[in-house]
1. As a test of understanding, state the convex hull volume per residue of the stretch 124-163 from its alpha carbons, in Å³.
2. Quick one: grab Rg to one decimal and Dmax as a whole number for the stretch 39-135, Cα atoms only, in Å.
3. Please work out the Cα center distance from the stretch 97-127 to the stretch 65-84, rounded to the nearest Å.
4. How many nm separate the modelled label positions at Q48 and D117, each set 7 Å beyond the Cα in the direction of the Cβ?
5. Using a 1.4 angstrom probe on the protein heavy atoms only, line up T147, T67 by accessible area, largest first.
6. Go through L122, H40, V132 and say which Cα lies farthest out towards the positive end of the charge dipole of the stretch 31-168; charges sit on Cβ, +1 for Lys and Arg, -1 for Asp and Glu.
7. Accessible area per residue, 1.4 Å probe, Å², for the stretch 53-167: what's the number?
8. I'd like the accessible area for S100, computed on protein heavy atoms only with a 1.4 Å probe and all protein chains in place. Round to 10 Å², please.
Amino acid sequence: MNLECQIAKKLSNPLPDAAMLRIYRHAFEVPESALDRNGHVNNVQYVQWMQDVAVMHADAAGCSAATDAAGATWVARSHWIEYLRPAFAGDRVVAVTWVSNFRRVRSLRKYRFVRVDDGALLAEGETDWVFVDAATGKLRAIPTEVTSAFTLLPEAEEPDSAALARTV
């Protein structure tokens, strides 16, 4: 586990290791480079953070290795995000993500971004990922070796904003 992951775990994840992989948390400080001309985090930056934390979670859970072994890759089909409050340079933020479901060739991943200092929910989003053959780019059924890397978090068990604010 690299230092950044260790810090994130200590700062923002009171869950045991097995539970950490179900709901993955990554803590970071907003850099100046993430700001737009309005002085707050650029909207597009959140989409980048969504992808980054999805990859970190996939790596930690063994999904990336299983996907590579299957000769496949994940491609974003669509993103949805709702911006609730602005974030600024120097803010400490926790990105929280989990896999909500798997379908034949698709998987829905959800995200929440919480400011550490006041527990404010900054944004929440979803990505619909599709599983594709790395050589042909064609959709493929997701093999069990890939889906078994995650324990799904059904909608009824998703953390609400108040619960997230209490855990940061």
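1. 104 Å³
2. Here Rg and the maximum Cα pair distance are 14.5, 46 Å.
3. 13 Å
4. Reported label-point gap for Q48 and D117 is 2.2 nm.
5. Solvent-accessible surface, decreasing: T147, T67.
6. Ranked along the dipole, the leading option is V132.
7. With all protein chains present, the stretch 53-167 gives 47 Å² per residue.
8. 20 Å²
The values are calculated or read from the model by the stated rules, or taken from the named source; none is laboratory data. Computed from a prediction, not measured in an experiment: that's the story for all the values here. Neighbour counts are summed over all protein chains in view; Cβ atoms, including those assigned to glycine, are modelled from backbone coordinates with ideal geometry. Each accessible area value is taken on the protein alone, full model and side chains, heavy atoms only, with ligands, DNA and RNA left out. Shrake-Rupley method; radii C 1.70, N 1.55, O 1.52, S 1.80 Å.
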